[in-house]
Amino acid sequence: MHRLWAGAGAQLTERLRDLPRSLVHDLWTTAVDPPPRPDRPTLREWLPAVLMLLVMGAVPLAIFSVNTLVAQYALDTRSSVLLGVLQSVALIAALYRPVPAWWAVTTVMILVALTARPEAGDGSLPWTVSGVVVQAGVLLMTALRLRPRVAVEALVLSVLAGLACTPDDFAHPTTDTRFAVAVLVVAVVVGVALRGRQVARTELVVQEERTARERSRRTLLEERNRIARELHDVVAHHMSVISIQAQVAPHLVEHPSDELKENLAGIRENAVDALTELRRVLGVLRSEDALSAEARHSPQPTLGRLPELLDNVRGAGLRVTEELTGTPRPIPPGVDLSAFRIVQESLSNAMRHAPGTAVRVGIAYRPGCLAVRITNTAPADPAPPPRDIGHGLLGMRERTAMLGGDFTNGATPDGGYEVMAILPLEEPV
């Protein structure tokens, strides 16, 4: 227990020792914190309008303050004008430099308390009516523009300075003094609450933006992993075929030369090494696939399975028609797989976002390219918005870009939707 009290005492002593330095750092500066950037107008955007209102009210406030100082506190006219104008200017300056404005109104309060003659009037010192209004406004702006600690420090010093300047007993303030202190406290509390609400809203918006970016990045990585797995399957298949052909080729030639055997052995060895490295780099992606072993090792789909895909979606209630243009011919496996996936994703999107519409799938074999076009009519009823972001369009765009093609998507004039991909082809073998 003794050690606990000793530790607490040491911490309190350290904080008291650092208190003057903290006060100087917080209350001897002209800097303000950058305003939050929420989804609605910020304080900086409202500053011109607020400044205009304050300027319009500063002149009547200055006149009222001068009259009060002359009539109730028996100050000479020159001093009253100087102090009254200084208060009004400080209230306007608090919009941009709240700490210097707070020093100004606190200094005016102390000067009024030291130079006024209470016996000449019935005013309550040290706070005049206009002084309370101005000081509350300055403290409010301090709480809005700076950290809560700075506003609380300014409030405490203002109250202590005011109580020290009161002509009455320090421990027994009058009703007017208690009312003035209550107004200053309420101004700081309101300012701190508004700033905290604004900061919380800004942090929420920033977090939502960060979450959306992270979700988009994760979706992109997942789709790229999927493409990498499929690319691994295609390349691994061809490398395996090369290795087997190089191994079998010497047996197809009568009396093969040593040079032929050596070259074919080198081809097979390089193919096996490349296949090993490919599986080492990309094969790890298979371990993250949640599919079963049978599904993972099944052949990758091609356009030859397109009729089966269309029959499946027709069974699910989607009206689909197919349009084939040109003469089908052998195409690269990567293009074949990507074309099938683009059709598959487009049909899935149509079932989710445009249920009950008619869909047309167009496959066009053109010289040097394969065109894939999927369109659907306008839905009768709008589909509910998805709960999470999908990666269908993103995956189609990634696949098309990987092959060096062009991808477009968007609404059609009749209210439907269209997806089109142009996939480059090698010259027919």
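The values are calculated or read from the model by the stated rules, or taken from the named source; none is laboratory data. Since the model is a prediction, treat every value here as computed from it, not as a measurement. Note: ideal-geometry Cβ built from the backbone for every residue, glycine included; neighbour counts use all protein chains shown. Just so you know, the surface numbers come from the protein's heavy atoms only, side chains and all, with ligands and any DNA or RNA stripped out. Shrake-Rupley method; radii C 1.70, N 1.55, O 1.52, S 1.80 Å.
Measuring with a 1.4 angstrom probe and ignoring ligands and nucleic acids, Ile374 comes out at about 10 Å² accessible.
Apply 1/(1 + (r/R0)^6) to the Cβ-Cβ distance of Asn225 and Thr325, taking R0 = 35 Å, and write down the FRET efficiency to the nearest 0.05.
Working: r = 33 Å, r/R0 = 0.95.
Result of the calculation: an efficiency of 0.55.
Distance between the C-alpha centres of the stretch 181-223 and the stretch 77-107: 33 Å, rounded to the whole angstrom.
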